[in-house]
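Here is the structure we will look at, set down as structure tokens.
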Amino acid sequence: MSPFLAVSQVLISTPHNFSQRLKEEIIHTLVNKYNVSGVNMVNQSMLTPYIYNATSGIVVDIGERIEIVAITDGESAYGKNCFMLV
């Protein structure tokens, strides 16, 4: 185990389609196996405006599906939901 991880906090950018169970397994592994002191998981779409030094915007993610997320002051304007077109 890396001594660096034992005192580290980790930020993970996740795709929208990660299940709650998968997220919990990742956190469990990081905390129990690698002894990290904190984990923050954020949907990739929520981090996109920060690339442009902004906290608000509309993110259109075209991948396996189309996701459209309106973000105001760093939070989804629609709670934790986003629009997905399959």
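General observations
- If you filter segment 23-52 down to residues that are small (Gly, Ala, Ser) and farther than 14 Å from Ser13 by Cα, you find that the one that is nearest to the chain's Cα centre (by Cα) is Gly38.
- Applying the criterion of being in contact (Cβ under 8 Å) with a residue 12 or more places away in the chain and hydroxyl-bearing (Ser, Thr, Tyr) to the residues of segment 28-47, the residue that is surrounded by the fewest Cβ atoms within 10 Å (Cβ to Cβ) is Ser37.
- Selection from segment 51-64 of residues that are without any contact (Cβ under 8 Å) to a residue 24 or more places away in the chain and surrounded by 11 or more Cβ atoms within 10 Å (Cβ to Cβ): Ala54, Thr55, Ser56, Gly57, Ile58, Val59, Val60
- Number of positions in segment 33-56 that are within 13 Å of Ile68 (Cα to Cα) and in contact with a Pro (Cβ under 7 Å, 6 or more places away or on another chain): 1
- Between Glu25, Glu67, Glu75, the distinction of being surrounded by 11 or more Cβ atoms within 10 Å (Cβ to Cβ), modelled with pLDDT of 90 or more and not β-branched (Val, Ile, Thr) belongs to Glu25 only.
The values are calculated or read from the model by the stated rules, or taken from the named source; none is laboratory data. This structure is a prediction, so every number in the text was calculated from the model and none was measured. Positions of Cβ are generated from backbone atoms using ideal geometry, with glycine treated the same way; all protein chains shown enter the neighbour counts.
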